[in-house]
Amino acid sequence: MRGPITLLAIAFAGGLMASAAAPAADYILTGQKPDQLVLIDAKARSVAAKHTIPDAAPGVLTVTPSPDGKVGYAIVNRWESVSGIDLDSGEQVFRADFSGGDKRVKAMFGMDVSPDGSELFVFLSPVSLKAGEYEVGDTYVAVYDTSAGVGAEPVRTFPAPRRTAILAVSNDGSKLYAIGWDVVVLDAQSGEQIGVHPIRNWGRQNFTEPDVLDVWPQWSQADVFSTPYFTIRTDKAEDDPAAYAMGMLTLDLQTDEFVMEEYENFEVIIFSTVVNPVRRNEVYGVYTQLSKIDIEKDELVERIDLPHTYYAVNVSSDGSELYAGGTMNDIAVFDTETLEQIGSIELDGGNMALSSIRVLQR
Amino acid sequence: MSITQLSPVFTLLAVFAFAAPAHAAEPDELLNSKCSGCHARTDDGLQRIKDSRRTPEGWDMTLVRMAQIHGVKYAEGERAALIKHLSDTRGLAPSETAAWRYALERTPGVVESPEDATLAEMCARCHTYARHALQRRTQEDWLKLSHFHLGQYPTTEYQALGRDRNWWEIASTEVPELLADHYPLDTEAWNEWSAREHPDLSGTWRIAGHAEGEGPYHGTVEISAEGEDRYATVATLNFPEGRTVVSEGNAIVYTGYEWRGTADADGKTIRQVFAVGEDGNTLSGRWFDADNDIDGGTLTAVREGPAILAVIPEYIRAGETAEIAVHGVGLDGEVSLGAGVDIVETVSADGNIVVVRAMAAGDAGAGRRDVSVGDASASAALAVFQSVDSVRVEPANTIARVGGNDGPLAKVPAQFDAVAYANGADGDAGTDDDVRIGYFDATWSVEPATEIAAALDDVEYAGEMNTATGLFMPAAAGLNPERPYSTNNAGDLVVKATVDDNGSEVSGTARLVVTVQRWIDPPIR
């Protein structure tokens, strides 16, 4: 069981509800192949703007909005660039190209913006293309000044573990979480490792190392990163369904609380999850099913089959509806109470594929 | 990546077919002119290139990658000339390819037997184990291959069997050591083989084999030299039920023994991937339709006798009389079909085919018999059986792929054969002493392999089994809105063969996974 919801979290959730009552409305931000950044009016179920990202093909990977909802950052150009697009004008206001000289450098999914919007963090994997041979380099985080415009160079870099897939900045901006084999906590300024929440190295008796792969940044509504994990109980017989356990990992970006708890025997694959910012015990996961999981009771609440595979899911600020996207070029809308499908948003054009589904307020 | 960039891959095997005679320039000059811009010249050859040996397909994959990724341009005939030169000077000895020829032959439904568990997990989770086992490198160069892998495919360490371990740390330390240990550059076998003179293969060869899904065939091929290591072929092939095919083609021999041929047969283009025996007197391997490599067959060929190639049919039932044909070269003399099988009469004999009427005694025990004609002999070439006690389906596990439906890739079907077995002395089926009788006609069907396959009605959607021929044709590619989740026409099926053994039905099964297209299909998968 996770601990009782903190007063701080309640206050925070209340704040979101208050903001939902204000004129600001929810918008969904995502990418479409080959080079589209798409802004969607969530409640209107309609595309508000499509912006073409320069030199972006063949697709758009991770998408991160600025905290003020004015700029969308996207990993593009075969993961070798990040482009910042003004969501009103469509102008490219920021661009960093990672590769150059004999270095080919790819962003491996992980990207986040500091809470004040001033810095952009990207996880990078370099290789030197030498005459007749390649040389793999150490992975690192590059930090950019978001006001540097087009042609930005990192203001600082620091090492980060290989196989990092998610970068998330804590709410106070002091910590950078690099989530891969473990959650490595880095000082967002110095890059110094200041803590670790073990995943692969959890060392639990009678459990195998858990398997986690999550590349979807879907924590910003509840300020809780969540991801499913799979583990095998070695104290159970191989033919016992209870030997194969699914659990939910949550990392609270406000409090640093980190929890991994099993909630069901393995039944279906879940690619990514999102925490409800209002009923904060509810987590929703997608792939070929939509699952609703209670992380206080550690149990599956409900599960429905989806019309097709969706990789990504996000949630409205009032916690009432879900936006399942990624994979193809439609976003399915579901009621968080009933899991009934209550809408669909068709995006003409290319597939979203691995692109993120972000929700921002404008 | 555009189709234009990909196209070298799709035409890869065709290079063997349309290879022009040796390029005018000396091969070493050509190699230097194409490669030394990036691969530095050293006293003992070009950097990297001097540190590895490969099969013709392996070298071609490298040459294509150099074109795709590094922009190397080949004028007509240059790529073929480089494959030939590299394979001849930096190839693998016959003993070094023997265990892995299925990958070159594109044999369907092979479940590999990795030599090393670490390499199986680190390497063979993405490509065949054979792919690296068909290369030889220095340890330093194996390490460079690890760098290439992660540099080119940076998601490798995020995938299943990548993210559960410190993949790069293992790939850059333990793996090059293991690979250099198993597959070193310098070997006795290669030193000995590369110093040999290789025989001219011209002459008349007798051939026999099993056409997958059809049955035994035999024939003759005239091979004539057309320049160094280049041959023209004219074959006459006799398939079951009187189907006769005359096939003309040509071939190149690489590394002294790697026969790569192309022939036209029945309107199809047939690829041949054969190995010449070390004495230059046998050929063995597999041929297949260039556009559909599951449509093929095995082949053995022999030039000089006396030698037995095949016995057709390869079995006789105890208590029955049947015509048995012994195929080979230089067949002259008394025919013996082994204990309990009497020769009633010789029907015909021409040195290549000896047909006898034979009678198997009613109490003849089940087993494989040695066959001889004069000085020619073949061990375990004829099966005697009382009854079919069990049936095994070959291949036991295989894959078919959806295709077509206006997509760029054709369907990849699956072809099955039913093989009858008699129980051995232990009286139990499925044990090591079972006697392989041979291929039987069967009635074919498919069933769901799992509860999920039943719930998703895979039998209805995944494709259609030809009940008479054992050919499974998968369904169309693409999302199917009729199915849950609009899923593809994928399926998980049990294939069932039912053999009629004189009125009693005997069945065997195989597992068939129908899955999505293979978008990247290199010569060595």
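Below, the figures for the structure above:
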{"item": "Which listed residue is surrounded by fewer than 20 Cβ atoms within 10 Å (Cβ to Cβ) and within 14 Å of chain B (Cβ to nearest Cβ), from A:N206, A:N201", "result": "A:N201"}
{"item": "Check on B:A425, small (G, A, S), open to solvent by 50 Å² or more (accessible area, probe 1.4 Å) and at pLDDT below 95", "result": "yes"}
{"item": "Any chance B:A364 is over 22 Å from B:L309 (Cα atoms), outside the structural domain of B:G478 (by TED's automatic domain parsing) and surrounded by 14 or more Cβ atoms within 10 Å (Cβ to Cβ)", "result": "yes"}
{"item": "Count - residues of segment B:470-492 that are within 17 Å of B:R511 (Cβ to Cβ) and more than 14 Å from chain A (Cβ to nearest Cβ)", "result": "6"}
{"item": "Lone unmet requirement of (1) touching a Ser or Thr at 6+ places or on another chain (Cβ under 8 Å); (2) within 14 Å of another protein chain (Cβ to nearest Cβ); (3) in a strand (DSSP E or B) for A:P161", "result": "(3)"}
{"item": "Segment A:164-173 - residue that is among the polar types (S, T, N, Q) and within 11 Å of A:L253 (Cβ to Cβ) and, of those, farthest from the other protein chains (Cβ to nearest Cβ)", "result": "A:N171"}
{"item": "Residue satisfying condition, being modelled with pLDDT of 95 or more and over 20 Å from the mean Cα position of the chain (by Cα), within set A:A25, A:A42, A:A18, A:A11", "result": "A:A25"}
{"item": "Matching residues, segment A:139-152, being in contact (Cβ under 8 Å) with a residue 24 or more places away in the chain and either of a type in the set (S, T, N, Q) or within 14 Å of chain B (Cβ to nearest Cβ) (or both)", "result": "A:T139, A:T146, A:S147"}
{"item": "Residue within segment A:181-188 that is within 14 Å of chain B (Cβ to nearest Cβ), buried (at least 19 other Cβ atoms within 10 Å of the Cβ) and not in a strand (DSSP E or B) present", "result": "yes"}
{"item": "Failed condition for A:S316, given (1) out of contact with any Ser or Thr (no Cβ under 6 Å at 6 or more places or on another chain); (2) within 14 Å of another protein chain (Cβ to nearest Cβ)", "result": "(2)"}
{"item": "Given (1) within 24 Å of A:D35 (Cα to Cα); (2) within 14 Å of chain B (Cβ to nearest Cβ), index of the condition A:K130 fails", "result": "(1)"}
{"item": "Residue among B:R511, B:R436, B:R525, B:R518 that is open to solvent by 40 Å² or more (accessible area, probe 1.4 Å) and touching a helix residue (DSSP H, G or I) at 6+ places or on another chain (Cβ under 8 Å)", "result": "B:R525"}
{"item": "From the options B:N166, B:N238, residue that is within 14 Å of chain A (Cβ to nearest Cβ) and open to solvent by 40 Å² or more (accessible area, probe 1.4 Å)", "result": "B:N166"}
{"item": "Within segment B:34-133, helices (runs of 4 or more DSSP H) holding 3 or more residues that are touching a Lys or Arg at 6+ places or on another chain (Cβ under 9 Å) and either at pLDDT 95 or above or open to solvent by 30 Å² or more (accessible area, probe 1.4 Å) (or both)", "result": "B:56-70, B:78-89, B:101-105"}
{"item": "Residue check for B:A251: under 30 Å from B:F416 (Cα atoms) and in contact with a Pro (Cβ under 9 Å, 6 or more places away or on another chain)", "result": "no"}
{"item": "Residues being open to solvent by 40 Å² or more (accessible area, probe 1.4 Å) and within 14 Å of chain A (Cβ to nearest Cβ) - total across segment B:171-211", "result": "1"}
{"item": "Single unsatisfied condition, B:R317 versus (1) in contact with a Pro (Cβ under 7 Å, 6 or more places away or on another chain); (2) in the same structural domain as B:D363 (by TED's automatic domain parsing); (3) of a type in the set (D, E, K, R)", "result": "(1)"}
{"item": "Residue list for segment B:301-323, filter: among the β-branched types (V, I, T), more than 29 Å from B:T233 (Cβ to Cβ) and crowded, with 19+ Cβ neighbours inside 10 Å", "result": "B:I316"}
{"item": "Meets criteria (surrounded by fewer than 21 Cβ atoms within 10 Å (Cβ to Cβ), of a type in the set (S, T, Y), assigned by TED's automatic domain parsing to the domain that holds B:D441 and in a loop (DSSP other than H, G, I, E, B)) for B:T469", "result": "yes"}
{"item": "Some residue of segment B:376-390 being over 30 Å from B:G491 (Cα atoms), more than 30 Å from the chain's Cα centre (by Cα) and not aromatic (F, W, Y)", "result": "yes"}
{"item": "Pairs with Cβ under 9 Å, 6+ apart, first in segment B:366-384 and without any contact (Cβ under 8 Å) to a residue 60 or more places away in the chain, second open to solvent by 40 Å² or more (accessible area, probe 1.4 Å) and among the acidic types (D, E)", "result": "B:S379/B:D370; B:A380/B:D370"}
{"item": "Search result, residues across segment B:134-158 that are within 23 Å of the chain's Cα centre (by Cα) and open to solvent by 20 Å² or more (accessible area, probe 1.4 Å)", "result": "B:Q135"}
{"item": "Pairs with Cβ under 9 Å, 6+ apart, first in segment A:330-342 and free of Cβ contacts under 8 Å to residues at least 12 places away in the same chain and closer than 19 Å to A:V278 by Cα, second among the aromatic types (F, W, Y) and open to solvent by less than 20 Å² (accessible area, probe 1.4 Å)", "result": "A:E340/A:F334"}
{"item": "So B:L134, is it in contact (Cβ under 8 Å) with a residue 40 or more places away in the chain, under 30 Å from B:P395 (Cα atoms) and within 14 Å of another protein chain (Cβ to nearest Cβ)", "result": "no"}
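So that you can scan it fast, the table gives a plain yes or no per residue for (1) open to solvent by 20 Å² or more (accessible area, probe 1.4 Å); (2) within 14 Å of chain B (Cβ to nearest Cβ):
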position: A:E264; (1), (2): yes, no
position: A:E267; (1), (2): yes, yes
position: A:L300; (1), (2): yes, no
position: A:R303; (1), (2): yes, yes
position: A:Y323; (1), (2): no, no
position: A:I331; (1), (2): no, no
position: A:F334; (1), (2): no, no
position: A:E340; (1), (2): yes, no
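The values are calculated or read from the model by the stated rules, or taken from the named source; none is laboratory data. Not measured: the values here are computed from a predicted model. For neighbour counting, all protein chains shown are included, and Cβ atoms are generated from backbone atoms with ideal geometry for every residue, glycine included. Ligands, DNA and RNA are excluded from the accessible area calculation, which covers all protein heavy atoms including side chains. Shrake-Rupley method; radii C 1.70, N 1.55, O 1.52, S 1.80 Å.
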